[in-house]
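A.B. asks: Here it is, the structure, as structure tokens.
No lab work stands behind these numbers, since they all come straight from the coordinates. Keep in mind the model is a prediction, meaning the values are calculated, not measured. Positions of Cβ are generated from backbone atoms using ideal geometry, with glycine treated the same way; all protein chains shown enter the neighbour counts.
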Amino acid sequence: MDRMRPPVLVTRRLPQEALDRVEARCDMTLYDGEGAMARDQLLTEVAGKAGAITLLTDRVDDEFLDAAGPQLKIVANYAVGFDNIDVDACTRHGVLASNTPEVLTETTADTAFALMMAAARRIAEGDRFLRSGAPWIWGPLMMLGQDVHHATLGIVGFGRIGQALARRARGFAMRVLYHDMYRPPAEVEQELGAEYRDLEDLLRESDFVSLHANLTPQTRHLINAGRLAMMRRIRARAGHSPRPARVRERRAHPASGVSDGADPPGDGEPGGRQPVRRTRGQAPADPAQPGGLGTEDLKRVSLAGPRRLRWRGRG
Ligand SMILES: NC(=O)c1ccc[n+]([C@@H]2O[C@H](COP(=O)([O-])OP(=O)(O)OC[C@H]3O[C@@H](n4cnc5c(N)ncnc54)[C@H](O)[C@@H]3O)[C@@H](O)[C@H]2O)c1
């Protein structure tokens, strides 16, 4: 092996700047196909390499490390998550495993906040509805969503991304609860205005739950049907949930923010059958206006289920 230009496998096309850096120092083998490398090809191509730059789709285990051979020194994972890497196996083979913490902390927190806003304010549904071209006229119950401001956000996994999400939540005057295996220093809790809860209390108290724990055997399917049922209202989540539970919950809670994007519009949704609404008088839909629908009233209306919509507000 040329020690000056060690052979390195890159399992997927990366941004050119990164490839240029690898190529400047190493004898690079780049897999340039669409999607992940087939397992057989991965095991063949890694043979004899001194390093491998891998993605979450590449399983790095004893089989991979044996196929690579004893000269392999490092597996550099192009992700902060490393659930594709058997770290114990790397230790046994004397191979260094590295990841990329911090690179996408703020970006991922932005995305998590965007997903919460989109679910709460029904952005994707509204977009689908407008693009459907169905005729519509605005009505007070049309596309009612959930308020994000002043709501309670539960963050599971209070590491880099979880804390970055908490900083965003402060701008929306949200109450922030968190759950983690480790408690951060008291100054961090104080700065972010975040209160610790055990997982079940967090689920019971939160309006929104966002998951930011790394994926491990302990966190896989952390949110299951039983834990979903603990949530006082089903709203927005991201990941760590088995799909059948998501779909079941979507059906059980038609007003929820849980959607796999494939559900047809329900009764009362734009594009679905509209319920006959009986109201006791008229009220402006702006909760801030005197005599208007209060936030709690809006929540009751939107959670009542489309067939049972009734006006139960003040006088
Ligand atoms: N989808 C994306 O684009 C994207 C981008 C970046 C990161 N991520 C994911 O986000 C995860 C978190 O990234 P990070 O930089 O914040 O990592 P981090 O290590 O700083 O935070 C993870 C936190 O989860 C906690 N945790 C682990 N197991 C737990 C458990 N059983 N119960 C409660 N808490 C637990 C850890 O103690 C830690 O504080 C990554 O592992 C990765 O999978 C996704």
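A.B. asks: Once phi is turned into ³J(HN,Hα) by the Karplus curve 6.51 cos²θ - 1.76 cosθ + 1.60 with θ = phi - 60°, what whole-Hz value does each residue of region 187-194 show in order, with x for glycine and proline?
C.D. replies: Values per residue, Gly and Pro as x: 4, 5, 4, 5, 4, 8, x, 9 Hz.
A.B. asks: Put a dot 7 Å past each Cα toward the Cβ at ALA225 and ARG13; how far apart are the dots in nm?
C.D. replies: 4.4
A.B. asks: Can you give me the Rg/Rh ratio for region 64-116, using Cα atoms for both radii and the Kirkwood formula for Rh? Don't skip to the end; give the middle numbers.
C.D. replies: Working: Rg = 14.8 Å, Rh = 12.8 Å.
Using Cα coordinates only, the ratio equals 1.16.
A.B. asks: Subtracting the Cα-Cα distance from 0.36 nm times the residue separation, let me have the gained length for GLU187 to ALA114 in nm, one decimal.
C.D. replies: Extra length available between GLU187 and ALA114 comes to 23.6 nm.
A.B. asks: Please report how far the C-alpha centroid of region 26-44 lies from that of region 46-97, rounded to the nearest whole angstrom.
C.D. replies: So the two Cα centres are separated by 14 Å.
A.B. asks: First measure r as the distance between the Cβ atoms of ALA173 and ASP2, then evaluate 1/(1 + (r/R0)^6) with R0 = 41 Å and state the FRET efficiency to the nearest 0.05.
C.D. replies: About 0.10, to the nearest 0.05.
A.B. asks: Binning at 5 angstrom from zero up to the longest distance, how are the C-alpha pair distances of region 7-98 distributed in percent?
C.D. replies: Pair shares across the bins are 3, 15, 28, 28, 19, 7, 1.
A.B. asks: Moving on. Taking H placed 1.01 Å from N in the peptide plane, check which residues at least 5 places from THR54 or on another chain put their amide H under 5 Å from its amide H.
C.D. replies: Counting only residues 5 or more places away or on other chains, the set is ALA76, ASN77, TYR78.
A.B. asks: How high is the FRET efficiency from GLN71 to ASP127, r the C-beta distance, R0 41 Å, rounded to 0.05?
C.D. replies: Computed FRET efficiency for GLN71 and ASP127 comes out at 0.20.
A.B. asks: Still on this structure, I have one more. So if each residue of separation counts as 0.36 nm, and I subtract the Cα-Cα distance between ARG92 and ASP20, what length gain in nm does that give?
C.D. replies: Full extension from ARG92 to ASP20 adds 22.8 nm.
A.B. asks: Taking every eigenvalue of the Cα gyration tensor of region 57-200, multiplying by 5 and rooting it, what semi-axes result, largest first, whole Å?
C.D. replies: Semi-axes from the Cα gyration tensor: 40, 24, 11 Å.
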